[in-house]
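Have a look at the structure below, then the notes.
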There are 2 protein chains.
Amino acid sequence: MKTTYKQILLAAALVGALAFTTTIARAQDPLPSWNDGAAKQAIVNFVKTTTDAASPQFVPPAERIATFDQDGTLWVEHPMYSQVMYCFDRVGALVKAKPELKNVEPFKTVISGDREAIAKLTMKDLEKILAATLTGMSTEQFQAEVKQWLAEAKDPRWKKPYNELTYQPMQEVLRYLRANGFKTYICTGGGQDFVRVYSEQTYGIPPEQVVGTMGGTKYGYDKDGKPILTKEPKLLLNDNNAGKPEGIHLMIGRRPHAAFGNSPGDQQMLEYTKAGDGARLAMLVLHDDAMREYAYGPAQGLPDTKVGTFPQALYDKAQKDGWTVISMKNDWKQTFAFEK
Amino acid sequence: MKTTYKQILLAAALVGALAFTTTIARAQDPLPSWNDGAAKQAIVNFVKTTTDAASPQFVPPAERIATFDQDGTLWVEHPMYSQVMYCFDRVGALVKAKPELKNVEPFKTVISGDREAIAKLTMKDLEKILAATLTGMSTEQFQAEVKQWLAEAKDPRWKKPYNELTYQPMQEVLRYLRANGFKTYICTGGGQDFVRVYSEQTYGIPPEQVVGTMGGTKYGYDKDGKPILTKEPKLLLNDNNAGKPEGIHLMIGRRPHAAFGNSPGDQQMLEYTKAGDGARLAMLVLHDDAMREYAYGPAQGLPDTKVGTFPQALYDKAQKDGWTVISMKNDWKQTFAFEK
């Protein structure tokens, strides 16, 4: 059969109508993994009110900044922050390269694998492990080491690579905000250089939009005279608590219009965000879903744990200051992309 | 005469053809203020080779980073860096607010207006003036103060606002790179917060793309309990010399593909840029045009001056390492937008 011009037009119209219907469906629900409720509504209302040019709370595209804590907000932080897992895992390679460390504490304890002894390591021991595994190499060598670890390491519960353990509903929020002209940033207590290695692939966030705990580097030359930057054990900024707004000012120079966190380390970032003029969104992820993820608090009577926390005082502050609490159990239809 | 449908179509076709011709002309010369020569050719070749998907030196859009020194590279740095002019100008307001400083050095000398005495101020005096005028206030108050100064202050030679003294040919390079998917950054020895106030308006570069000398801020609350960030007299990074690649790593986390400077303070940034794989562009602006701007060196026998410098050693390094020197006198048709 010879295709007529009219048939082509008809087909084009059908395809157009189909695309239009899909667009409408997407426009109707940019957050399909979210149950209807106050949390979802707060996000949708915020986007509508800040992007509608007729709205008195319209925000020009250049000022649309949203910041996200990472551990416990964008991905799982239990049983231990991934970066700490990385540092412990790296001790093996470190001792292989420098066998003289085999009998030196705290490295000796770490390679013994004795969980009870490892759990008793002090903060000072941990600092030694962090310094030995996160500094002393070139920035490029560090990137390669983290990349390799990420490709091999698996979370102990789900037996999946760490960057598959990101929350599907939060990925939707990232995409929804970006589709509406927001620049999305990570603002993490984790190492800035560490998170940058996988932020683009995992969250669609480029390295220059990662604000994290910052260490100094030292410019110099390798044995062939080629310029290198060496990671130094020098803390420039601890991107936790008051360090979060300070880090945001340093790296972005603008106050966010939206901020997402899950622990007291995020309180100042949320306060700072909410204190700006016009529409501001401040949200806290509450881990109350022991079945699909973890439940810890102790807000709302959830168990207190060593890693991550959500004290009742933070919950109360959220209520008082108009922050929205996201219940992982009630607000999320699905937690991970790999769930059926 | 009644306008017919055909006449409208004809007019539309003519307008279309005209727009098309203009587009072609622009596409043919994205750098109209540049004379033909090695410098212009280096820029055009770099853009072509890094953006042509068929080129072996193609650079994916996400990695297209270009960094620009500011003083002496994007705008005039003589007779004194604008930020130093700002600090001296602010001393008057400072003494008005704190009259007890009137008889305290070095403020006493500055408000005396005695140029000879001011020229003799030591580096330590200058540091005191910088600390007093750049720190101690909220980030928002500082922004307002710089904004007001910029609206009023004038360059002593041209009697124009400082942000009109940007080099037209460099503005064309910024726009040309951005039109080809490059993210343009300032990488300045000047204060990061200072330059951020006017970078968008002056260069089309948003505050988050300004890398500069970084001071710490301190998060706290004002008398009404509202969160504020106060600028502290604490140096986090001196964004000069080795500090430039260190600052670039801290703020961007990627190595630039193109870098532009004009003094030894930019040498490490250019080295670091050029040491990357593939096509890399390193350029130095030589101030050899006493008539239209200034001539200072002492490269090529130009006079040595207190502010800004271009020693013969830097010129020789540029030749040796394949950096391109831009002669303001020979490579630029026009220096400022206000020139006829």
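The values are calculated or read from the model by the stated rules, or taken from the named source; none is laboratory data. Model, not experiment: these values are computed from the prediction. Neighbour counts are summed over all protein chains in view; Cβ atoms, including those assigned to glycine, are modelled from backbone coordinates with ideal geometry. Side chains included, ligands, DNA and RNA excluded: accessible areas come from the protein's heavy atoms. Shrake-Rupley method; radii C 1.70, N 1.55, O 1.52, S 1.80 Å.
Residues are listed down the side, and each one gets a yes or a no for (1) in contact (Cβ under 8 Å) with a residue 12 or more places away in the chain; (2) not in a loop (DSSP other than H, G, I, E, B):
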position	(1), (2)
B:Pro30	yes, no
B:Ala39	yes, yes
B:Ile43	yes, yes
B:Lys48	no, yes
B:Ala66	yes, yes
B:His78	yes, no
Looking at (1) at pLDDT 95 or above; (2) open to solvent by 50 Å² or more (accessible area, probe 1.4 Å), can you tell me which one B:Lys98 breaks?
(1)
So which residues in region A:176-194 are away from chain B (no Cβ under 12 Å) and assigned to a helix (DSSP H, G or I)?
A:Tyr176, A:Leu177, A:Arg178, A:Ala179
In region A:122-131, what residues are part of a helix (DSSP H, G or I) and open to solvent by 20 Å² or more (accessible area, probe 1.4 Å)?
A:Met123, A:Lys124, A:Asp125, A:Leu126, A:Glu127, A:Lys128, A:Leu130, A:Ala131
Go through A:Ala151, A:Ala144 for me and flag whichever is over 20 Å from the mean Cα position of the chain (by Cα), modelled with pLDDT of 95 or more and either more than 30 Å from A:Thr51 (Cα to Cα) or in a helix (DSSP H, G or I) (or both).
A:Ala144
Residue in region B:195-207 that is nearest to the other protein chains (Cβ to nearest Cβ), counting only those that are in contact with a Gly (Cβ under 9 Å, 6 or more places away or on another chain) and surrounded by fewer than 23 Cβ atoms within 10 Å (Cβ to Cβ)
B:Pro207
Would you point out which residue out of A:Leu236, A:Leu229, A:Leu270, A:Leu314 is part of a helix (DSSP H, G or I), surrounded by 17 or more Cβ atoms within 10 Å (Cβ to Cβ) and within 13 Å of another protein chain (Cβ to nearest Cβ)?
A:Leu270
B:Ala299 is checked against (1) under 19 Å from the mean Cα position of the chain (by Cα); (2) under 21 Å from B:Glu77 (Cβ atoms) and fails just one. What number does that condition carry?
(1)
Please verify whether B:Gln83 is touching a helix residue (DSSP H, G or I) at 6+ places or on another chain (Cβ under 7 Å), open to solvent by 60 Å² or more (accessible area, probe 1.4 Å) and not β-branched (Val, Ile, Thr), treating the condition exactly as stated.
no
It is to be established whether one or more residues within region B:105-118 are under 26 Å from the mean Cα position of the chain (by Cα) and open to solvent by 50 Å² or more (accessible area, probe 1.4 Å).
no
For region A:317-340, enumerate the residues that are over 19 Å from A:Arg280 (Cα atoms) and part of a helix (DSSP H, G or I).
A:Met328, A:Lys329, A:Asn330, A:Asp331
Those residues that are within 14 Å of another protein chain (Cβ to nearest Cβ) and either in a helix (DSSP H, G or I) or among the aliphatic types (A, V, I, L, M) (or both), I need them from region B:273-289; list them, please.
B:Thr273, B:Lys274, B:Ala275, B:Ala282
Taking the criterion of being under 24 Å from A:Arg255 (Cβ atoms), in contact (Cβ under 8 Å) with a residue 60 or more places away in the chain and among the polar types (S, T, N, Q), would at least one residue in region A:305-324 satisfy it?
yes
Taking the conditions exactly as written (over 21 Å from B:Ile43 (Cβ atoms) and away from chain A (no Cβ under 14 Å)), does B:Glu164 satisfy them or not?
yes
The residue that is least open to solvent (accessible area, probe 1.4 Å), considering only those in region A:239-258 that are under 25 Å from B:Ile186 (Cβ atoms), assigned to a loop (DSSP other than H, G, I, E, B) and at the interface with chain B (Cβ under 10 Å from one of its Cβ atoms), is A:Ile252
Evaluate region A:287-301: report whether one residue or more is surrounded by 18 or more Cβ atoms within 10 Å (Cβ to Cβ), of a type in the set (A, V, I, L, M) and under 22 Å from B:Asp222 (Cα atoms).
no
I'd like to verify a number: residues in region A:159-175 that are assigned to a loop (DSSP other than H, G, I, E, B) and out of contact with any strand residue (DSSP E or B) (no Cβ under 8 Å at 6 or more places or on another chain), how many?
3
Those residues of region A:214-226 which are more than 15 Å from B:Leu237 (Cβ to Cβ) and either part of a helix (DSSP H, G or I) or of a type in the set (Gly, Ala, Ser) (or both) amount to A:Gly220, A:Gly225
So for region B:132-149 (the condition being under 22 Å from B:Thr73 (Cβ atoms) and open to solvent by 30 Å² or more (accessible area, probe 1.4 Å)), does at least one residue qualify?
no
Exactly one of these conditions fails for A:Arg292: (1) away from chain B (no Cβ under 14 Å); (2) out of contact with any helix residue (DSSP H, G or I) (no Cβ under 9 Å at 6 or more places or on another chain); (3) part of a loop (DSSP other than H, G, I, E, B); (4) without any contact (Cβ under 8 Å) to a residue 60 or more places away in the chain. Give me its number.
(2)
Specify which of the listed residues (A:Lys218, A:Lys223) is of a type outside the set (Phe, Trp, Tyr), facing another protein chain (nearest Cβ under 9 Å) and open to solvent by 30 Å² or more (accessible area, probe 1.4 Å).
A:Lys218
